[in-house]
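The structure appears right after this line, and notes come after that.
Laboratory data are not the source of any read-out in this text; all were calculated from the coordinates shown. Worth saying up front: this structure is predicted, and the values here are computed from it rather than measured. Don't worry about glycine lacking a Cβ; one is built from the backbone with ideal geometry, like all the others, and counts go over all protein chains shown.
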Amino acid sequence: MTTKIAAAAPPSTLSQLVLTWVPFSLGMTFVILGAVIAPDVPHARTQYSIRLALLLAAPALFLFARDFRRRELGALWKSYWTAAFAAYAFHLWYGYEIMFRGDWAAVVASQGEATALINLAITALWAVDIGCAWLDLKGRIVDIIRAVAHVGLLAAAVMATMLFFRNNIAAGIGGIVTLAAVAGLIQRLRTT
Amino acid sequence: MTKDDHSCDPKKIQITVKQVLDQVGRDLFDKEVASAATYSYLWIADQMGHIGLGLVVVFLASWILYFLNLPTAPDSYWPLYIGAAAVSYWEFSAYRTYAAMTTGLFPAGKLLLARNAVIAAFYMVAGVVAGFAWQGGELMAAVVTLSLVPALVILAFPWLRQKIVWQKAGLPFLFRLSNASPTISRSDARDLQNLIEAQIKESRRNMDAVPGGPVIILSGPLGAGKTSMACGIGTECAFGDVKVRYTTFEKLLQMAPPPADDPGPSNIIYWPWRDSELLIVDDIDTETKTTLDVDVKTFCDLVDRVFGNEEHCLGRRTTVWVLGPKKSADLAKWSDAIGKICAKGQERPPQVLAIEFTPPPPAPAPIKPAPTTPVLSTSLVGKVSRIAGWAIVVLSTLLLATSLWWLGAERGWDSRADLSEPDAFRYGTLGLELAPYKLVAVLDQLGGDAFKRIPPGGGAPMNTGHWWSDFGFNAGGPPTPSKKCPLPLGFSISSLLPQSATPVPVDFAGLTCAACHSQRVHTAPQFGGVDRVVVGAGMTATDVIGFGDALKQAVANPALTADLIQTTYAKQCGESEGFWQRVIGDKVEAIFISQWISGFRATTLSDSSKYDLPFHGTALLEAGGIGAGPARTRPFRSVVRNNLDFPGATNLAYSKPPAIFEQSRDLRPQSQYDGSIVDTVTRSLIAAYTSGATQAALNREPIAHNVRAAAHYTETLGPRNEVPTFAKLFPAVSAGDPATLAQGETVYMAHCASCHGHRRADGTWDVVTGASAIHRTAPLSQMGTDPARVTFRYAEILPLSLWLAFPGSPEPLPAAQRGPVCDGKTQELPAGYDALAQQRTALDYLKVFAGFSGDNVLYQYWAGRRTDDFEQARREFPAGHALAFGPKLVCYDTTHLGYYNNPIPVAYLRAPYLHNASVPTMRELLNLDERPAQFCRGNNLYDPVTMGLVAETPAAGAHCGAPTPFLFDTTLPGNSNAGHDYPWTRAQVAADPNLKADLEALIVYLRTQ
């Protein structure tokens, strides 16, 4: 049995920008400027940026769950996946440089070595996957990296949701991310 | 007409360096509105653009890194790496796009495309390198740029030569065969490719051009791609260094008689067709059924007639003939005829390749318009949607750009983290920003009734000319080079938001260490009229709490607006300077000030339900009001409020801010009156925290730096550096004769040195000789002084609660650490010590303690809210709070309540005496004089003879007036002036004149301490 890979209809440049660039830009504006009125700005920016990253990753996870190895993931997936990574990169940079004062040992001590390394691995895979997407690289290894990056992010989001379940916003965003992936899977199964 | 005639034989391309340079010169000099465009010029412009793009990219990368507070040029190579990667990716993408555009009919020719992408990337990277170097100083810029130029020029030469070769062919446009539409058969394409390769190979192999060559005939209808194919053949051959010439049939006929030729534009000069190795003849037969049309017989007659003896020249080279559409039989006739023409005068007949083009695919049918109304509305909606969509994209991009700019600009607005120790003490922000600078600067105008200091008994309000001197602040505030209205000493001017200490483009005023720890010493004329501010001495006139309450009242005035503040400031202190500051800066400032006013009012209101309404007017100066009066604070009311979040209203632990001279740990192992804090930095941290600085603010590096620097400043500050000695400050007052001094020293050593040590002759402080009781807690029962300072509610839980407010580092200690702690012992923290785990254990202890004591509410407090607070703080400061302190650096010993015996350097600047400032003079403290039960406090004069403040006692029933409007009543709770009856009680002194003489001598001696 062969898998038929069909190209997804590419959205127009404008609709792609409105769907991905606009939420990213507005989200980052909120992350940077909206946090100015927070009692602890570094903490707020770190917190807001991970929430933005997960919200932007949700559509990408949906598209991934629905289309991966069925058809081209498409420009929309690439845009969401990249925008989410950009927000995540801001989260990492701000968290590491400002919150942890650039002290890797403190990161390890605070999160535990395993968690810190897993987070680092997911970040690296995510970055490599985005590089592959933009260079239009394909192949088995790319597929593996892509799958691990997506599943890793989803798992991290679910774990974080459980950890911060008492925080309604964190729980809500974790729920959205999970639902997005589940919805993608359901749609995948329905169109089999 | 002979094969021996070589006058029209093809010739090899010969282009010298000079010719290339001449072409470059012409290209650079030409005006594009007055001369033909050339490919060589286009290539030069292209590479200049690539260099420019590289410059833009590297500068952009540098700026973004700078804004993000990351290492950037010239210190870091990251802009170089990022720029090089970005432009390389750009060219790689372009290569991929063009490589993907091949139709498959002909080979892709990727090698040339790749070389082109590489050279473009090289020029862009050169721009990146140059841009990076230009950020690193003039020398680096010059060296790198000059090094790049030769490489760029050398690399340009072969490409410029190629462009010249191509443009001299006279081809109407550049076309690569790999992009040709599939309108010819694959076999024809293959044959054509073989012929082209053979032509190129032959041209490269031979030193001289070889006469003769195949005949290629292209035939097909309009739009089938014949001319493109002809140009493609010409382009491929020209890129293969074959001398190509393109012309139309009509033009060829005109150029038939030698030496006629069409040289083309003067800045190009086409190859003469007679020299060409490949001749392309276009538009032979248009098949338009007009007079322009020719049939095969007419064509042959024309060529024969026009070329005559020159006809053999056509066959001396490879030729391409472009015909209109022919039926197969007709095309065969044409091929035969052209073949014969080209065979004339040749040794053997040429190979003829006739290629027939198929008609181009029909254009797609136009889309039928939909019914009128929906189309119009859909079109309108679509247009509006598109416009709205782009507007949103542009707007969001602008917002993002503004945000990123803001993020970078925050560094510029942030306070310096390198203030010197004295400056950090005097002017450095401690995260105690109170109000916009502009408001504080014009409180004389906008403070209203809230800032009028009216004595309780009525009479004229205090009026020293400034609100700040009315409240006891002193001149000598922060340097304000661009600010025209100065603030008093004890204020900082920073661009940090109150509470969060976030950098913003608006100045705020806040309190510094010097607000409470500086003293104006001013005397009556008979003592020399001294008037000097001594930094480090405790304040004697400043009403800090009163100022805070007055500010709350003033801001609550509904008439106070950002516009009023800005307008008043502009009138009093001058307009804003600079166009952008006026156009944008003032608007942004107005937004922040408005928000601050709203927030401040809301906080005042919400706080009042728990902390009670702030006082104002006369109540600021009444014992029944705030109660502290000038020069005293209620630090534990504040710490109970800020740390425990309880009201603290019943806390009467009035304290004067102490003199903070010579606070080094060897002299003063424990700070505070009760010795409850060990480390000076922790002491300063808690002082700032108690005064209202948030944990988040104190975690910011500029503020943490100021706390540390100010703390260190106090360790050495004293008469050995900048603090004036008694003799220096009061030269008009006798220093005492040697006999009196010796007598005083004897008394001191006998009765004071055991608890306070003494100053040696060399100026250092001795805490060993005779100091048997120093660095110990003198029990309350022994001291007899007011107990409120050490017995207030919650005192026993505050140390641990304060410790928990500043989560420690999550990193276990790498090695054991030893250090003194507040019980006088030395503590050893083992390697692997986990501060966070210890703090969690402390939380558990507090819960258990509350449970055992049966305080269910307190248990819930620790188990619920404070546990949540701790976990939240741990998340906010995941690397540990910048000023987190170790265990047992703050403590409270319920078994040894009392006051801690410490040195008393610069004793004369410690008036009024006792921790609650209840004894105005040294004479009264030593019981030489009766301690007054009531006295007036405010801006009191200093009396060097009594070594204290001139504090009048009002007549019975009378009130205190300006400038000392506060009635200090020692009979009120927290104000007791009892205790510390050393060396002798008042009764003993009164009864024994010898003791009086000893004490008189002691006072003289104390002036030297």
Inset, instruction - Loop only per DSSP, at most 11 neighbouring Cβ atoms within 10 Å: give me the GluC sites (Glu not before Pro) in region B:510-591, ordered by residue number. - result: B:E577
Inset, instruction - Calculate for chain A the 222 nm mean residue ellipticity that helices alone would give, adding -39,500 (n - 2.57) per DSSP H run of length 4 or more and normalising by residue count, nearest 500 deg cm²/dmol. - result: -25000 deg cm²/dmol
Legend entry - Inter-centroid distance (Cα atoms) of region B:927-976 relative to region B:386-451, Å: 44
Legend entry - Dipole moment magnitude, nearest 20 debye, chain A about Cα centre, only Lys, Arg, Asp, Glu C-beta charged: 720
Inset, instruction - Calculate I(q)/I(0) for region B:191-277 by the Debye formula, one identical point scatterer on each C-alpha and no solvent, and give its log10 at q = 0.19, 0.23 Å⁻¹ to two decimals. - result: -1.03, -1.33
Inset, instruction - Could you list, in their original order, any pairs among B:K163/B:K243; B:K297/B:K344; B:K163/B:K226; B:K18/B:K201 whose Cα atoms are separated by more than 19 Å? - result: B:K163/B:K226; B:K18/B:K201
Inset, instruction - Return the aspartates and glutamates within reach of B:K31: Cα separation strictly under 17 angstrom, same-chain partners fewer than 8 residues apart disregarded; answer none if there are no such residues. - result: B:D22, B:D46
Inset, instruction - Subtract the Cα-Cα distance of B:T826 and B:L112 from 0.36 nm times their separation in residues, and report this length gain in nm to one decimal. - result: 249.2 nm
Inset, instruction - Please give the peptides B:382-392, A:17-27 ranked by average Cβ packing (other Cβ atoms within 10 Å per residue), highest first, as a rough proxy for protection. - result: A:17-27, B:382-392
Legend entry - Extension reserve of the B:A997-B:S185 stretch, reckoned as 0.36 nm per residue once the Cα distance is removed: 279.4 nm
Legend entry - Positive-end residue, the protein assembly as shown charge dipole about Cα centroid, Cβ charges, pick of A:A53, B:Q839, B:V125: A:A53
Inset, instruction - Give the order of B:L941, A:L179, B:L497, B:L407 when sorted by the count of other beta carbons within 10 angstrom, beginning with the fewest. - result: A:L179, B:L941, B:L407, B:L497
Inset, instruction - Quick one: grab Rg to one decimal and Dmax as a whole number for the protein assembly as shown, Cα atoms only, in Å. - result: 45.0, 154
Legend entry - Hydrodynamic radius by Kirkwood, which averages 1/r over all alpha carbon pairs of region B:728-860, in angstrom: 19.9
Legend entry - Across the protein assembly as shown: Cys residues that no other cysteine approaches within a C-beta distance under 4.7 Å: A:C132, B:C231, B:C237, B:C300, B:C342, B:C513, B:C516, B:C752, B:C755
Legend entry - Relative intensity, log₁₀ I(q)/I(0), of region B:507-626 from a Debye sum that treats every alpha carbon as a point, q = 0.14, 0.17, 0.19, 0.23 Å⁻¹: -0.86, -1.05, -1.12, -1.24
Inset, instruction - Take the Cα gyration tensor of region A:123-188, multiply each eigenvalue by 5, square-root it, and list the three semi-axes largest first, rounded to whole angstrom. - result: 27, 14, 9
Legend entry - Three principal axis lengths of region B:658-728 [C-alpha, angstrom, descending]: 44, 26, 20
Inset, instruction - Determine one quarter of the surface area of the Cα convex hull of region A:30-77, which equals its mean projected area, and express it in nm² to one decimal. - result: 3.8
Inset, instruction - Express the relative contact order of chain B as a whole percentage, based on alpha carbon pairs under 8 Å and six or more residues apart in sequence. - result: 10
Legend entry - Taking only Cα atoms of region B:903-961, radius of gyration then Dmax in Å: 11.5, 40
Inset, instruction - Set the Förster radius R0 to 25 Å, insert the Cβ-Cβ distance between B:T561 and B:D449 as r into 1/(1 + (r/R0)^6), and round the FRET efficiency to 0.05. - result: 0.90
Legend entry - At 0.692 mPa s and 37 °C, Stokes D of region B:149-193 from Kirkwood alpha-carbon radius, µm² per second: 245
Inset, instruction - Return the distance in nm (one decimal) between the two label points of a simple spin-label model at B:V533 and B:L60, each offset 7 Å from Cα along Cα→Cβ. - result: 5.1
Inset, instruction - Let me know the charge dipole size of chain B about its Cα centre in debye, to the nearest 20, where only the beta-carbon of Lys, Arg (+1) and Asp, Glu (-1) is charged. - result: 1180
Legend entry - Centroid-to-centroid separation of region B:899-920 and region B:757-809 [C-alpha atoms, Å]: 13
Legend entry - Equivalent-ellipsoid semi-axes of region B:1-152, from the Cα gyration tensor, Å, largest first: 40, 22, 13
Inset, instruction - Take the Cα coordinates of region B:948-1009, assign each an equal point scatterer, and use the Debye formula without solvent to give log10 I(q)/I(0) at q = 0.15, 0.17 Å⁻¹. - result: -0.74, -0.88
Legend entry - Cα-Cα separations in region B:808-927 greater than 21 Å, expressed as whole percent: 60
Inset, instruction - Among the trypsin sites (Lys or Arg not before Pro) in region B:409-459, which ones are in a DSSP loop with at most 15 other Cβ atoms within 10 Å of the Cβ? Mind listing them? - result: B:R416
Legend entry - For region B:44-74 versus region B:93-142, the gap between their alpha-carbon centres in whole angstrom: 15
Legend entry - Gain on full stretching of the segment that runs from B:M101 to B:S76 - 0.36 nm per residue minus C-alpha separation: 5.0 nm
Legend entry - Ranking of B:T480, B:T235, B:T964 by count of other Cβ atoms within 10 Å, fewest first: B:T480, B:T235, B:T964
Inset, instruction - With 29 Å as the limit, write out which pairs from B:K452/B:K484; B:K12/B:K110; B:K12/B:K333 have Cα-Cα distances beyond it, or answer none. - result: B:K12/B:K333
Inset, instruction - Please report the orientation-averaged projected area of region B:1-91, defined via the convex hull of its C-alpha atoms, in nm². - result: 11.4
Legend entry - Neighbour count of at most 14 Cβ within 10 Å plus DSSP loop: longest trypsin sites (Lys or Arg not before Pro)-free window in chain A: A:70-137
Inset, instruction - Wrap a convex hull around the Cα atoms of region A:69-169, take a quarter of its surface area, and give that in square nanometres. - result: 7.6
Inset, instruction - Only helical DSSP H runs with n ≥ 4 go in: add -39500 (n - 2.57) per run for chain B, normalise by residue count and round the 222 nm mean residue ellipticity to 500 deg cm²/dmol. - result: -13500 deg cm²/dmol
Inset, instruction - Report the label-to-label distance for B:T464 and B:T298 in nanometres (one decimal), using points 7 Å from each Cα along the Cα→Cβ vector. - result: 11.3
Legend entry - Fraction in percent of alpha-carbon pairs per bin - 10 Å, region B:184-241: 20, 52, 23, 5
Inset, instruction - Please name whichever of B:L925, B:Y861, B:G938 sits farthest to the positive end of the charge dipole of region B:822-950, dipole taken about the Cα centre and charges placed at Cβ: Lys and Arg +1, Asp and Glu -1. - result: B:G938
Legend entry - Alpha carbon convex hull of region B:854-1009, volume per residue in cubic angstrom: 226
Inset, instruction - Scale the Cα Rg of region B:770-838 by the rule-of-thumb value 2.2 N^0.38 Å and send over the ratio, two decimals. - result: 1.52
Legend entry - Cβ-based exposure ranking for B:M749, B:M48, in which fewest neighbours within 10 Å come first: B:M48, B:M749
Legend entry - For chain B, the Rg and Dmax computed from alpha carbons only, in angstrom: 47.4, 154
Inset, instruction - Compute the normalised compactness of chain A: alpha-carbon radius of gyration over 2.2 N^0.38 Å, N being the residue count. - result: 1.05
Legend entry - On Cα atoms only, tilt of A:74-94 relative to the major axis of chain A in degrees: 10
Legend entry - Tail fraction, Cα-Cα pairs, region B:607-690, threshold 22 Å, whole percent: 34
Legend entry - Dimensionless Rg over Rh [region B:444-580; C-alpha; Kirkwood]: 0.99
Legend entry - Helix A:113-135 axis, angle to chain A major axis (alpha carbon atoms, nearest 10°): 40
